[in-house]
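Novice: If you scroll down you'll find the structure; I have some questions about it.
The values are calculated or read from the model by the stated rules, or taken from the named source; none is laboratory data. Since this is a predicted model, take the numbers as computed values, not measurements. A quick note on method: Cβ atoms are made from the backbone with ideal geometry, for glycine too, and the neighbour counts reach across all protein chains shown.
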C-alpha cells in the first residue's frame with residue numbers, strides 16, 4: 001500500500017512539472033507574439049493608370065503595439081486606427097473633428113467579410129483571400145500553384161492563378177526575416193484594369209509579426225513598395241491608444257452581412 005501511495009505521489013509531481021513547463025512554453029510564445037514596438041512604415045507607389053500615365057506617391061504610417069496586443073496606426077492624413085483584438089474593438093479618430101468611433105465586433109477572426117452597424121451605416125469590408133498567403137513549408141518544397149477567386153470590387157470577383165514559393169530566411173536591419181513570393185495571373189478579364197498580372201515579394205519578421213519589406217510590381221501595374229524602419233523595442237506611450245482630451249466617443253455595434261448587401 002505504501003508503495004502505491006509513493007507511485008501516485010511521483011505521478012502527481014511529474015504531471016505538475018509537465019504542466020508547469022507547458023504553461024511556461026505557452027507564455028513564452030504569447031510574449032513573442034505580442035512583443036511591443038514602435039516603427040515607421042514608408043510606402044512608395046509608382047502606379048500605371050488605365051490610360052498609360054503614371055501616378056506617384058510617398059506616404060508614411062506610424063506603427064506601435066503594446067504588451068496588451070493593441071495595435072496603433074497613424075496615417076499621413078492624421079487619422080488614427082487602434083485595434084484591440086482581445087476586446088474585439090477598434091477605435092478611430094482624426095484631426096478634422098473631435099469625435100472618436102469605438103467599434104464593437106461580435107467576433108474578431110480577422111474580421112473578414114462585410115460588416116455594417118444597426119443603421120446600415122459605417123460599412124466595412126475586409127479581405128478574405130486566404131489562398132494569397134499560402135506558401136510551401138520550406139524552400140526545398142518547390143512552388144505551389146493555387147486557383148482562386150480574387151475580389152476586385154464589392155460584388156465582382158475574378159478567377160486567378162497564384163504561384164507561390166518559400167524564399168527562406170535572411171537578416172534585415174538586424175531582424176531575422178522569412179520571405180515568400182507570389183506570382184498572380186488573372187485567368188479571366190472583365191475590365192483591363194480589374195486585376196493586372198503582378199509579382200509580390202514579402203519579407204516578414206516572425207518575432208514581431210511585422211512586414212519588413214513588401215514589393216508588388218507588374219508591367220501594367222507599376223510598383224508598390226512598403227518598407228519598415230526605425231523599429232524600437234519596448235512599450236510605446238500609453239497615450240497613443242486613447243483619443244485626445246476633449247474628444248467625444250461614439251460606440252458603433254457591428255454585425256456581419258452578406259457582401260451583396262453592400
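Novice: Looking only at segment 224-255, count how many residues are surrounded by fewer than 17 Cβ atoms within 10 Å (Cβ to Cβ) and part of a strand (DSSP E or B).
Specialist: Final tally of qualifying residues: 11.
Novice: State the number of residues belonging to segment 139-173 that are more than 22 Å from the chain's Cα centre (by Cα) and assigned to a loop (DSSP other than H, G, I, E, B).
Specialist: 2
Novice: Let me ask something else. Would you confirm whether any residue within segment 147-156 is touching a residue at least 60 places away in the same chain (Cβ under 8 Å), touching a helix residue (DSSP H, G or I) at 6+ places or on another chain (Cβ under 9 Å) and buried (at least 17 other Cβ atoms within 10 Å of the Cβ)? Steps first, answer last, please.
Specialist: Restricting attention to segment 147-156, the residues satisfying the condition of being touching a residue at least 60 places away in the same chain (Cβ under 8 Å) are 154-155.
Those still in the list that are touching a helix residue (DSSP H, G or I) at 6+ places or on another chain (Cβ under 9 Å) too: 154-155.
Right, trim to buried (at least 17 other Cβ atoms within 10 Å of the Cβ) and you get none.
No, because not a single residue in segment 147-156 is touching a residue at least 60 places away in the same chain (Cβ under 8 Å), touching a helix residue (DSSP H, G or I) at 6+ places or on another chain (Cβ under 9 Å) and buried (at least 17 other Cβ atoms within 10 Å of the Cβ).
Novice: Also, I was wondering about something else. Determine whether residue 211 is assigned to a strand (DSSP E or B) and either under 22 Å from the mean Cα position of the chain (by Cα) or farther than 23 Å from residue 66 by Cβ (or both). Show your work before the answer.
Specialist: Numbers: assigned to a strand (DSSP E or B): yes; either under 22 Å from the mean Cα position of the chain (by Cα) or farther than 23 Å from residue 66 by Cβ (or both): yes.
So residue 211 passes the test.
Novice: How many residues, within segment 49-70, are out of contact with any helix residue (DSSP H, G or I) (no Cβ under 9 Å at 6 or more places or on another chain) and at negative phi? Before you say what the answer is, go through the steps one by one.
Specialist: Taking segment 49-70 as the starting set, the residues that turn out to be out of contact with any helix residue (DSSP H, G or I) (no Cβ under 9 Å at 6 or more places or on another chain) are 49-61, 63, 65.
Restricting the remaining residues to those that are at negative phi gives 49-51, 53-61, 63, 65.
Number of matching residues: 14.
Novice: Here's something else I'd like to know. Can you pull out every residue in segment 184-203 that is assigned to a strand (DSSP E or B), at pLDDT below 95 and surrounded by fewer than 18 Cβ atoms within 10 Å (Cβ to Cβ)?
Specialist: Those that are assigned to a strand (DSSP E or B), at pLDDT below 95 and surrounded by fewer than 18 Cβ atoms within 10 Å (Cβ to Cβ): 185, 186.
Novice: Looking at residue 207 and the list (1) in contact with a helix residue (DSSP H, G or I) (Cβ under 9 Å, 6 or more places away or on another chain); (2) surrounded by 15 or more Cβ atoms within 10 Å (Cβ to Cβ); (3) at pLDDT below 95, which single condition is not satisfied?
Specialist: Only one criterion in (1) in contact with a helix residue (DSSP H, G or I) (Cβ under 9 Å, 6 or more places away or on another chain); (2) surrounded by 15 or more Cβ atoms within 10 Å (Cβ to Cβ); (3) at pLDDT below 95 is unmet by residue 207, namely (2).
Novice: Something else about it: Within segment 75-93, can you find the residues that are assigned to a loop (DSSP other than H, G, I, E, B) and either modelled with pLDDT of 95 or more or surrounded by fewer than 16 Cβ atoms within 10 Å (Cβ to Cβ) (or both)? So that I can check it myself, show each step before the final result.
Specialist: Step one: list which residues in segment 75-93 are assigned to a loop (DSSP other than H, G, I, E, B), which gives 75-79, 85-88.
If the condition is that a residue be assigned to a loop (DSSP other than H, G, I, E, B) and either modelled with pLDDT of 95 or more or surrounded by fewer than 16 Cβ atoms within 10 Å (Cβ to Cβ) (or both), then 75, 76, 77, 78, 79, 86, 87 are the ones that fit.
Novice: Let me ask you something else. Considering every residue within segment 181-193, establish whether at least one is out of contact with any strand residue (DSSP E or B) (no Cβ under 7 Å at 6 or more places or on another chain), at negative phi and in contact (Cβ under 8 Å) with a residue 60 or more places away in the chain. Show your work before the answer.
Specialist: From segment 181-193, those out of contact with any strand residue (DSSP E or B) (no Cβ under 7 Å at 6 or more places or on another chain) are 189, 191-193; that's our starting set.
From what's left, at negative phi: 189, 191-193.
From what's left, in contact (Cβ under 8 Å) with a residue 60 or more places away in the chain: 192-193.
Among the residues of segment 181-193, at least one is out of contact with any strand residue (DSSP E or B) (no Cβ under 7 Å at 6 or more places or on another chain), at negative phi and in contact (Cβ under 8 Å) with a residue 60 or more places away in the chain, which makes the answer yes.
Novice: Starting from segment 110-133, take each residue that is assigned by TED's automatic domain parsing to the domain that holds residue 181 and within 19 Å of residue 100 (Cα to Cα) and list its partners that are at pLDDT below 70 and surrounded by 11 or more Cβ atoms within 10 Å (Cβ to Cβ), counting only C-beta distances under 6 angstrom and pairs at least six apart or across chains.
Specialist: So the pair list comes out as 123/262.
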